[in-house]
Structure formats: structure tokens, C-alpha cells
1. Of all residues in segment 182-233, which are basic (Lys, Arg), open to solvent by 20 Å² or more (accessible area, probe 1.4 Å) and away from ligand 2 (no atom under 16 Å from the Cβ)?
2. Filtering segment 122-136 down to residues that are touching a residue at least 12 places away in the same chain (Cβ under 8 Å) and within 16 Å of ligand 1 (Cβ to nearest atom), which residue is farthest from ARG157 (Cα to Cα)?
3. Might you check whether a residue that is over 30 Å from GLY295 (Cβ atoms) and in contact with a helix residue (DSSP H, G or I) (Cβ under 6 Å, 6 or more places away or on another chain) occurs anywhere in segment 217-240?
4. Between a residue in segment 207-225 that is under 19 Å from VAL155 (Cβ atoms) and any residue that is away from ligand 1 (no atom under 13 Å from the Cβ) and aromatic (Phe, Trp, Tyr), which pairs come within a Cβ distance under 9 Å, given they are 6 or more apart or on different chains?
5. Between TRP98, TRP76, which is over 25 Å from ALA276 (Cβ atoms) and of a type in the set (Phe, Trp, Tyr)?
6. Quick one: count up the residues across segment 263-290 that are open to solvent by 30 Å² or more (accessible area, probe 1.4 Å) and at pLDDT below 90.
7. Residues in segment 149-158 that are closer than 22 Å to PRO135 by Cβ and surrounded by fewer than 19 Cβ atoms within 10 Å (Cβ to Cβ): how many?
8. Please go through segment 79-111 and pick out each residue that is open to solvent by 70 Å² or more (accessible area, probe 1.4 Å), acidic (Asp, Glu) and away from ligand 1 (no atom under 16 Å from the Cβ).
Amino acid sequence: MTHPPETQPDSRQITRFAPSPTGPLHLGHAYSALIAAERARAGTFHLRIEDIDTSRARPEWEERIFDDLHWLGLRWPVPVMRQSERLASYRMALRRLWEDGLLYRCTCRRRDIEAALSAPQEGAPLHGPDGLIYPGTCRESGDRGPARPMPEDGVLRLDMGRAVARTGALTFRETGSGPNGETGDIALDPQEVLRTTGDIILARRDMGTSYHLSVVIDDAEQNITEVTRGQDLFEATRIHVVLQALLGLPTPVFHHHRLIRDDHGKRLAKRDDARAIAAYRAEGATPADIRRIVGL
Ligand code: GLU
Ligand code: ZN
């Protein structure tokens, strides 16, 4: 297969595959991991375990992830980075944002948020990359930095209005494509980012961090030059680019790839055990078979 020149990876890319050990790897994960390794070429392919959700992550799943990926022929530097071991770095970043007056404490329950959103606001989207767009109930409560100390637990939200006022217009480079064919240099309009994402959670209850915060800190820590992942995360990229700017971290290139779907056109989920790599292995499939099935 030949690629147009702009999608050709640089020979020294640092890429990663970052699964959450909450279930079996399926064909979609295999595709994602193989793409990331292929795009690293002579560079480095990292495996990172995203296990901040300790209520769902299991060491057994982590073992099986290693095993399936080895079987597929992938190799990566060890020790692997495990997000559950990096909470201190995440808290440090949160403290910086708190001191900058960009975070506030949110005490809303889900039903409070739903009730606040039941009064329709004309033209405002209800959902963003992170689910319901927060109506801002706690934003003016005053429980924010730097005047107050950062709470050690509970929910912290990013004041996106202040955040984008600080960052101004941003851009990132996409070498794959978003769900609507977005590719090349993509401009982020601050007001549009605010409108479509709102005040997202950066520290979740009982977790002390969030996917968005952890992923940008770890991509920077591992010097990732190209973030390869499924198109389902394309919309979240604007959040990541804003966080990188606020934290003074480099913005890598992004490569979003197509999603592997089942026979009904639905994207595969963790519970799709029938598409688990382990199920194909048990039936005697080879790594070459897996590549062929996902179209590589
Ligand atoms: N851990 C995320 C997942 O399993 C992927 C994060 C990313 O690639 O940015 O969906
Ligand atoms: Zn709130």
C-alpha cells in the first residue's frame, strides 16, 4: 500500500499504544497497536497502561494485554509506564492550574447537572467529548485558587472560559483523519472550544486525576511525537491541546485512525469478547490472520 507523502511517518517517531486494562484486547486494539508500532518505524513504540480507574482496572487484564501484544509480534521498552504509579505528577500539574486560578471545586451530583440542563439553552450543544456539557453551577462559588488551598480530594473542573482566554487560538497537526475527514493543520477557535467542551473535569472523585490530564502529562513525559489512536478520541484532542498549552507542554502530532467495526457497523467495545484477540488465538488464528482481518 502506498501513502500520500504527508501521511508518511518520520523515521524517528515516538509513538504509543495506551490501553486501559479493563477487559480483553479486541481487533480494534490490535489495529491501533499495530498502526502505532508501524508509525514509529526506526523510532520507539511505547506501551503505556492507563489504569487510573482502579475500580475497573485489573492486573490479570494487564498480563493478557502484554501476552496478546507479544503474540502479535510487538516489542516495547520496559518497564512500561503505569498511570496508577504517577499520581504525584498529576497532582503537581493540578496544583499549577489551581494556583493559576484555572480550576474550581465542583460539588454537583449527576442529577444536579441533569436538572440544571433540563432548562433548554438555545443553540448550545448538550454533549461534548466528555459527556454532558457542565452548566457551570459551581464556577462562581469562589472555591478556587490561588486564594484557597487546593482540596486533596473531590472533583476539580477546568474553567474553560479562563483557559481559552489565556491560550488564545491554537492549532495542531493531524496526519490521519477525524471522523469528518479533518486532516492537516487544524485550527482551534477558542470560543468554539469553550462552547463544545465546557468546564470538563480534570480531577475525578476517588481518582485524583482524569483521562485528559493524565494522557497529556504522560505523552509529554514519554516524549511522544505522534499520538496514534482511534477516531473516537478526535473530539477530545481539542481538550488535550488546550491542556498542553496551559501546562507548557509540547503538542505532538496526532494520527487518528479509522475504527474497526463489527458486522453490523457498530464499533467494537471491551465487552465484545467474540472479537477478542484471545478468541481468535484460541481458534488457531495467526498474527498474519489478525492483520488481514483488520485490513493491514
Ligand atoms: N486509554 C485510552 C483507551 O483505552 C486511550 C488513550 C489514548 O490513546 O489517548 O481508550
Ligand atoms: Zn458543580
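1. Of all residues in segment 182-233, those basic (Lys, Arg) come to 195, 204-205, 229.
Cutting the leftovers down to open to solvent by 20 Å² or more (accessible area, probe 1.4 Å) gives us 195, 204-205.
Correct list: ARG195 only.
2. Applying the first criterion (touching a residue at least 12 places away in the same chain (Cβ under 8 Å)) to segment 122-136 yields 124-125, 128-130, 132-136.
If we keep only those that are within 16 Å of ligand 1 (Cβ to nearest atom) too, we end up with 129-130.
Working: PRO129: 15, ASP130: 12 Å.
Here the residue is PRO129.
3. Scanning segment 217-240, I find at least one residue that is over 30 Å from GLY295 (Cβ atoms) and in contact with a helix residue (DSSP H, G or I) (Cβ under 6 Å, 6 or more places away or on another chain), so the answer is yes.
4. Listed by first residue and then by second, the contacts come to GLY208/TYR90; THR209/TYR90; SER210/TYR90; LEU213/TYR90; SER214/TYR90; ILE217/TYR90.
5. Selected residue: TRP98, the only one of TRP98, TRP76 that is over 25 Å from ALA276 (Cβ atoms) and of a type in the set (Phe, Trp, Tyr).
6. Looking only at that region, the number is 11.
7. Number of matching residues: 2.
8. The answer is GLU99, and nothing else.
The values are calculated or read from the model by the stated rules, or taken from the named source; none is laboratory data. For clarity, every value in this text was computed on a predicted model and none was experimentally measured. Neighbour counts run over all protein chains shown; Cβ positions are idealised from the backbone, glycine included. Protein only, heavy atoms only, side chains kept; ligands, DNA and RNA dropped before computing areas. Shrake-Rupley method; radii C 1.70, N 1.55, O 1.52, S 1.80 Å.
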